[in-house]
Amino acid sequence: RSGSKTSLVAWDGLAAHGPYDRVSFPKKSPRLLVAYPKHLQGRVETFLSALKDGLGQKSPAFESGFPKVFGLMKLDLDLCPIELKGVDISEVERVYRDAISESLQKNTDVDAAIVVLDEPHAFLPDIQSPYLRCKALLMTLGIPVQSVRSTTLSQQPYGLGYTLRNIA
């Protein structure tokens with residue numbers, strides 16, 4: 001076990017020594033559901049590549065990638081593109097929820113989720129919020145979820161590294 005190794009800064013210790021429960025962690029290839037507006041697909045794929053593989057020398061804050069830092073075999077991704085073209089703002093959360101529900105019916109073995117939001121959808125009232133409504137659905141099923149706004153996808157590598165730390 002790596003429990004005897006310490007660091008003054010939590011992330012530095014995690015990156016250098018791995019998590020305390022690395023050996024006993026039961027799932028070595030977790031599955032991540034990623035729901036996102038279809039028109040952001042290229043930016044989402046670039047973001048997910050950075051999450052999986054790290055940013056190398058471009059950002060010392062997140063050099064290695066999620067699987068390596070946490071001692072995992074790999075990170076499996078279930079991509080859930082959501083077509084929002086022509087969808088009325090009042091229907092956006094329903095379209096997200098329906099797409100996620102359909103994806104979960106195909107594959108129930110999801111360990112965590114990311115919901116990517118276009119900027120206008122990130123600030124909708126709670127009852128119309130795609131993130132809050134999807135979070136309620138996913139958390140009810142025991143699936144932790146994190147939102148990512150579209151502007152986050154476009155961060156420069158140095159800043160993106162710190163964002164990826166928080167998501168990891």
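The values are calculated or read from the model by the stated rules, or taken from the named source; none is laboratory data. Computed from a prediction, not measured in an experiment: that's the story for all the values here. For neighbour counting, all protein chains shown are included, and Cβ atoms are generated from backbone atoms with ideal geometry for every residue, glycine included. When the accessible area is computed, the model is the full protein with side chains, heavy atoms only, and any ligands, DNA or RNA have been set aside. Shrake-Rupley method; radii C 1.70, N 1.55, O 1.52, S 1.80 Å.
Residues that are without any contact (Cβ under 8 Å) to a residue 60 or more places away in the chain and touching a Pro at 6+ places or on another chain (Cβ under 9 Å) were ranked within segment 45-55; the one that is least open to solvent (accessible area, probe 1.4 Å) is 52. There is at least one residue in segment 8-27 that is small (Gly, Ala, Ser), open to solvent by 80 Å² or more (accessible area, probe 1.4 Å), assigned to a helix (DSSP H, G or I) and without any contact (Cβ under 8 Å) to a residue 40 or more places away in the chain.
Restricting attention to segment 114-122, does a residue exist that is modelled with pLDDT under 95 and either more than 18 Å from residue 43 (Cβ to Cβ) or hydroxyl-bearing (Ser, Thr, Tyr) (or both)? Scanning segment 114-122 turns up no residue that is modelled with pLDDT under 95 and either more than 18 Å from residue 43 (Cβ to Cβ) or hydroxyl-bearing (Ser, Thr, Tyr) (or both). Within segment 76-110, the set of residues being under 22 Å from residue 65 (Cβ atoms), open to solvent by 20 Å² or more (accessible area, probe 1.4 Å) and at pLDDT 95 or above comprises 77, 78, 79. When residue 42 is tested against (1) touching a residue at least 12 places away in the same chain (Cβ under 8 Å); (2) out of contact with any helix residue (DSSP H, G or I) (no Cβ under 7 Å at 6 or more places or on another chain); (3) not in a strand (DSSP E or B), just one condition goes unmet, and that condition is (1).
For the condition surrounded by fewer than 16 Cβ atoms within 10 Å (Cβ to Cβ) and on the phi > 0 side of the Ramachandran plot, residue 142 qualifies.
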